[in-house]
Structures are given as structure tokens and as C-alpha cells.
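Read the structure below first, then the notes.
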Amino acid sequence: MAREARTLWITGAGSGMGRAAALAAARDGRPVALSGRRPEKLEEVAEEVRTLGGAALAVPLDVTDRAAVRSAAARIEEELGGLGALVLSAGLNAPRRYWRDQDLDEFAAITDTNLLGPVSVIDAVLPRMRERGGGTIVLISSYSAWRFSPDAGTAYSATKTALGPLTAMLNAQESRYGIRACHLCPGDVDSDFLDRRPQVPGPQERAVMLSPEDVGRAVAFVLASPPHVIIDELVISPAKPGP
Ligand SMILES: NC(=O)c1ccc[n+]([C@@H]2O[C@H](COP(=O)([O-])OP(=O)(O)OC[C@H]3O[C@@H](n4cnc5c(N)ncnc54)[C@H](OP(=O)(O)O)[C@@H]3O)[C@@H](O)[C@H]2O)c1
């Protein structure tokens, strides 16, 4: 008998929003597979999931390594079974964000991580999701993909913006197989990611940002929506601080 497709695979799961999504999913009783490049961070999150009574499997990988992504998908199906959802949170930006200081190798690395990374993970799981007749895919994009944000960086802005049509294509082509996708666009989130900014924000600026847990809750909401509901796009931003 087919196992219920409750397993969630998260990339970028060792920190920030990926970690928060893993803990929220564990509270909802989903087994979670955790991917990222640093095994020790994944093991820490796996331990936190187990403390909550959940099942977790750390599957270290670099999302730009397509062979590793394919083997990881097979391993997760083998060890946890029922791979029914994806949260694609692995992302990259660089402090050099303007044409004047652009480095093409860096541009390619950002494209490989932010655009081809999600494509290759989705590609690895779609056939099985189609066979099963269901799947939910959450792409952690950015506010800068929803509204042009000049300081986000050329490569970052272009690659995150591309996730909008990618999501729409998935919904247009795959919803007939019960597969739905959400383009999730968070504004500023207080995470390690901010260390890649040209001016790293201090504690006061971070205090008025979203927390990774705010986004983790939003991801849980998308995953828990009934199968006939598609949340095409979800934009989340921090309230302006008081006067
Ligand atoms: N923080 C913000 O203000 C903000 C706002 C909007 C959108 N976002 C997006 O939100 C997502 C999550 O970021 P975050 O804020 O939670 O920051 P974060 O804690 O730095 O998370 C990024 C994660 O991506 C993983 N990662 C990076 N490159 C990878 C690769 N090649 N292969 C596998 N994993 C990789 C990192 O782990 P390893 O280094 O161990 O691989 C890390 O766990 C990113 O896609 C980011 O673009 C962030």
C-alpha cells in the first residue's frame, strides 16, 4: 500500500527560514529531510526535530550538484518514503550587487543556486509526485521578486524574479496531477543571510525585521491548505516600526 505522502524535503534546512519550516512541519507531524552543504548544521536541526517527537533525515548536498540532488531524492524516498512536499530555501547573494563591481563567476554561482538549484530539486521529485497524484512545492523567493528592489543585487533580483514564472508554469502544467506551487516572497528576515549585505544590519535594524519563525508559520499554512487550494503567491513584510 502506498504510504501517505507527508514527507517534506527542505533545502537550506540548516538555518534561518529552512530550519524554521522544518520545526513547524515537525510540529504538524511531517517527517522531514534536511538538505544544505554543512552537515553539522543539518544534524543540529535534525536533533531539534527529534526533540519535538518528529522524524528527521539529514541529507547533506550542494543544490548546484545535480547528481547529488537526484541521489538525495532517491534516498529520501527510500528512507522516509512518501515525499509529498518541498520547501526550497537554499539561496545565495553577494555583497557586490551592482554592474560596476559585478563578477560573472559570482553571477553564475547565484544563478546556479537560486534558479537552477530549485529547478533541479523539483525536476528530481516531479515524476514521483505525478504518479502519486499530489505534491506541494514552496519556493522561498524574495520581496525583491515581487517589487523591484534596486539594492537587492543584479543577479539576486533577476534569479529570484524568475521564480515567479517558474511557479506559475508549475501550477499551469502540473496542477492537473494534483501538484501545486507557491511563490513565497518574504521581506527582510533577521537571519545569517544578512551577513552577505554590503552594509551588515545591526541589532536595532534586525529587531524590526521578520523572524525566520514568521516565515516558518507561513510555510506551514501553505502546506496545510487543502489539496484543491493553490496559493500562487504569498508576500510577507514586517510592519513599520512605531513613531
Ligand atoms: N534574510 C532575508 O532577509 C531574506 C529575504 C527574502 C528572501 N530570502 C531568501 O530566503 C532563503 C533562506 O534564507 P535565510 O534568510 O533563511 O538565510 P540563511 O539562514 O543564510 O539560509 C540560507 C541557507 O541556504 C543554504 N545554502 C546556500 N547555498 C546552498 C547550496 N549551494 N546548496 C545547498 N544549500 C545551500 C545555506 O546552508 P549551507 O551554507 O550549509 O549550504 C543556508 O542554510 C534564501 O533563498 C534567501 O534568498 C532571505
Practice problem: Mind checking which of SER225, PRO150, PRO238 is farthest towards the positive end of the chain's charge dipole, using Cβ charges of +1 (Lys, Arg) and -1 (Asp, Glu) about the Cα centre? | Solution: SER225
Quiz prompt | Span from the segment 89-130 Cα centroid across to the segment 152-227 one, whole angstrom | solution = 14 Å
Exercise. With +1 on each Lys and Arg Cβ and -1 on each Asp and Glu Cβ, and nothing else charged, work out how big the dipole of the chain is about its Cα centre, in Debye to the nearest 20.
Key: 500 debye
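Around GLY202, under 14 Å between beta carbons, what's the net of Lys plus Arg minus Asp minus Glu among the other residues? Before the final figure, lay out each step's value.
On the way: positive: ARG197, ARG206; negative: ASP188, ASP190, ASP195, GLU205.
So the environment of GLY202 carries a net charge of -2.
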Quiz item: Roughly what would the spin-label model give for ARG100 and VAL200, points 7 Å off Cα along C-beta, in nm?
Solution: 2.4 nm
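Considering only protein heavy atoms and a probe of 1.4 Å, how much of the accessible area of segment 7-236 is carbon and sulfur, as a whole percent? Present the calculation step by step, with values, prior to reporting the outcome.
Numbers: 5510 of 10480 Å².
The computed percentage sits at 53.
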Practice problem: Take every Cα pair under 8 Å in the chain that's 6+ residues apart, average their separations, divide by the length, and report that relative contact order as a whole percent. | Solution: 20 percent
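Before rounding to the nearest 500, sum -39500 (n - 2.57) across all DSSP H runs of length at least 4 in the chain and divide by the residue total; then give [θ] at 222 nm in deg cm²/dmol.
After summing the helix terms and dividing by residue count, I get -13500 deg cm²/dmol.
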Quiz item: Based on the Cα gyration tensor of the chain, what are the three equivalent ellipsoid semi-axes, each the root of five times an eigenvalue, rounded to whole Å and given largest first?
Solution: 27, 20, 18
Quiz item: What do you get for Rg/Rh of segment 13-127 when both radii come from the Cα atoms and Rh is the Kirkwood radius?
Solution: 1.02
Quiz prompt | Label-to-label distance, nm, for residues given as ARG130 and THR154 (7 Å Cα→Cβ offset) | solution = 3.7 nm
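Between SER237 and ARG37, what is 0.36 nm times their sequence separation minus the Cα-Cα distance? Round to one decimal in nm. Walk me through the numbers on the way to the answer.
On the way: separation 200, 0.36 × 200 = 72.00 nm, distance 2.80 nm.
This chain segment gains 69.2 nm when fully extended.
Compute the FRET efficiency between ALA168 and ARG70 as 1/(1 + (r/R0)^6), taking r as their Cβ-Cβ distance and R0 = 22 Å, and round to the nearest 0.05. Please report the intermediate quantities before stating the final value.
Values: r = 25 Å, r/R0 = 1.14.
Computed FRET efficiency for ALA168 and ARG70 comes out at 0.30.
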Quiz item: What size of dipole, in debye to the nearest 20, comes out for segment 143-202 about its Cα centre when the only charges are +1 on Lys and Arg C-beta atoms and -1 on Asp and Glu C-beta atoms?
Solution: 280 debye
Quiz item: Which of the chymotrypsin sites (Phe, Trp or Tyr not before Pro) found in segment 22-124 are in a DSSP loop and have at most 15 neighbouring Cβ atoms, other than their own, within 10 Å?
Solution: TYR98
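Quick check for you: with a 1.4 Å probe and neighbouring chains kept, what is the accessible area per residue of segment 7-236, in Å²?
Working: 10480 Å² over 230 residues.
So segment 7-236 comes to 46 Å² accessible per residue, rounded to a whole number.
The values are calculated or read from the model by the stated rules, or taken from the named source; none is laboratory data. Keep in mind that this is a model prediction, so the values were computed, not measured. With ideal geometry, Cβ positions are generated from the backbone for all residues, glycine too; neighbour counts draw on all protein chains shown. Surface accessibility is based on the protein's heavy atoms, side chains included, excluding ligands, DNA and RNA. Shrake-Rupley method; radii C 1.70, N 1.55, O 1.52, S 1.80 Å.
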